[in-house]
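K.L.:
Submitted below is the structure of interest, expressed as structure tokens.
The values are calculated or read from the model by the stated rules, or taken from the named source; none is laboratory data. Treat the numbers as computed from the prediction; the structure is a model and nothing was measured. Every residue, glycine among them, receives a Cβ derived from its backbone with ideal geometry; neighbour counts consider all protein chains shown.
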Amino acid sequence: MKKFLLSIAILIGLWGCHPYQKEIETRHAEVMQIHDQAMAKMDEIYAVMDQLKALDQDTSLTESEYHQKIDASIIQLQAADDAMMDWMHDYKAPTGDEDPQESISYLALQKAEIKMVNKTIDEALQMGKEVLNNGPR
């Protein structure tokens, strides 16, 4: 998180006189807002995953269809977590050295990517909660 705040400060400092400054700052802020929304769900991802893993240890469910749903949900939650971590690792805030149009295009792409990550998180959480709420049948 400190890295992202630092990147905003750098953006403001480096683009002080740039004609595209406002648009780049706005797009960066939009990307970071979606990132922050997704990050706010990560504790819930871990909590649901822990609950599912505890159920996964129940030997009475080993061969059941419910057990398969538990495993599928754990995999989906882990994939959502991985997607978030990968996006954060790969994201590079524009520094001001790039062509402004490239920065704008890059931020548009990153916004689309983090939206997809956020959607993946929402879907994984929904599936995990449904598995927990519906229990074995």
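K.L.:
Only residues in the range 100-119 that are in contact (Cβ under 8 Å) with a residue 24 or more places away in the chain and within 27 Å of ILE45 (Cβ to Cβ) count as the first member; pair them with residues that are surrounded by 20 or more Cβ atoms within 10 Å (Cβ to Cβ) and hydroxyl-bearing (Ser, Thr, Tyr), Cβ under 9 angstrom, at least 6 apart or cross-chain, and list the lot.
P.N.:
Nothing qualifies.
K.L.:
When you go through (1) within 25 Å of GLU102 (Cβ to Cβ); (2) in a helix (DSSP H, G or I); (3) modelled with pLDDT under 95 one by one for SER60, which number turns out not to apply?
P.N.:
(1)
K.L.:
Can you run down the residue pairs with Cβ atoms below 8 Å, 6 or more apart or on separate chains, where the first is in the range 43-55 and within 13 Å of ALA124 (Cβ to Cβ) and the partner is among the β-branched types (Val, Ile, Thr)?
P.N.:
That search, which allows pairs on different chains as well, returns ILE45/ILE121; MET49/ILE74; LEU52/ILE70; LEU52/ILE74; LEU52/VAL131.
K.L.:
In the list LYS115, LYS69, which residue meets the criterion of being over 17 Å from MET39 (Cα atoms), in a helix (DSSP H, G or I) and charged (D, E, K, R)? Let's see the steps before the verdict.
P.N.:
Details: LYS115 fails: over 17 Å from MET39 (Cα atoms).
Residue meeting the stated conditions: LYS69.
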